[in-house]
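Remarks on the structure that follows.
The values are calculated or read from the model by the stated rules, or taken from the named source; none is laboratory data. From a predicted model like this one, the values you see are computed outputs, not experimental measurements. Methodologically, a virtual Cβ is constructed for each residue, glycine included, from the backbone with ideal geometry; neighbour enumeration extends over all protein chains shown. Accessible surface areas use protein heavy atoms only, side chains included; no ligands, DNA or RNA. Shrake-Rupley method; radii C 1.70, N 1.55, O 1.52, S 1.80 Å.
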Amino acid sequence: IITLSDLECDYINARSCCSKLNKWVVPEVIGHAVVTVLMLISLHWFIFLLNLPVATWNIYRYIMVPSGNMGVFDPTEIHNRGQLKSHMKEAMIKLGFHLLCFFMYLYRLVSETSPK
């Protein structure tokens with residue numbers, strides 16, 4: 001979010017912004033896929049079903065990158081097609097999702113480890 005807002009305010013150029021963001025796309029896809037599979041294996045169905053659409057969206061977004069682009073974030077298209085606002089919106093939604101998941105995981109950890 002900070003990198004995208006820096007690009008929006010012209011503090012950094014599009015190429016450096018996109019290279020910074022693209023370096024985190026593959027670890028994000030792998031990490032989210034691993035968490036989703038672990039929730040399936042551990043039979044936490046609600047959390048698995050909550051994570052499945054986000055993991056699917058991350059994989060779809062990574063696979064559907066047009067050939068010739070730098071990555072999911074492409075410096076030539078981020079301003080021309082108005083993708084900056086959509087990337088900011090997606091980043092805010094993901095931040096909210098991850099905050100929700102953090103508190104859900106924390107609740108599950110406390111509720112399962114507390115004496116009954």
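Confirm whether residue 32 is part of a helix (DSSP H, G or I), exposed (fewer than 13 other Cβ atoms within 10 Å of the Cβ) and on the phi < 0 side of the Ramachandran plot.
So residue 32 fails the test.
Given the residues 102, 97, 46, which is the only one that is of a type in the set (Phe, Trp, Tyr), under 17 Å from residue 28 (Cα atoms) and open to solvent by 80 Å² or more (accessible area, probe 1.4 Å)?
102
Among the candidates 79, 98, single out the residue that is closer than 30 Å to residue 18 by Cα and either β-branched (Val, Ile, Thr) or under 18 Å from the mean Cα position of the chain (by Cα) (or both).
Answer to the selection: 98.
In region 25-46, is there at least one residue being in contact (Cβ under 8 Å) with a residue 24 or more places away in the chain, more than 24 Å from residue 105 (Cβ to Cβ) and not charged (D, E, K, R)?
No; the residues of region 25-46 include none that is in contact (Cβ under 8 Å) with a residue 24 or more places away in the chain, more than 24 Å from residue 105 (Cβ to Cβ) and not charged (D, E, K, R).
Of the residues in region 79-108, how many are modelled with pLDDT under 85 and not basic (Lys, Arg)?
4
Can you confirm whether residue 63 is of a type in the set (Val, Ile, Thr), without any contact (Cβ under 8 Å) to a residue 24 or more places away in the chain and farther than 24 Å from residue 7 by Cβ?
yes
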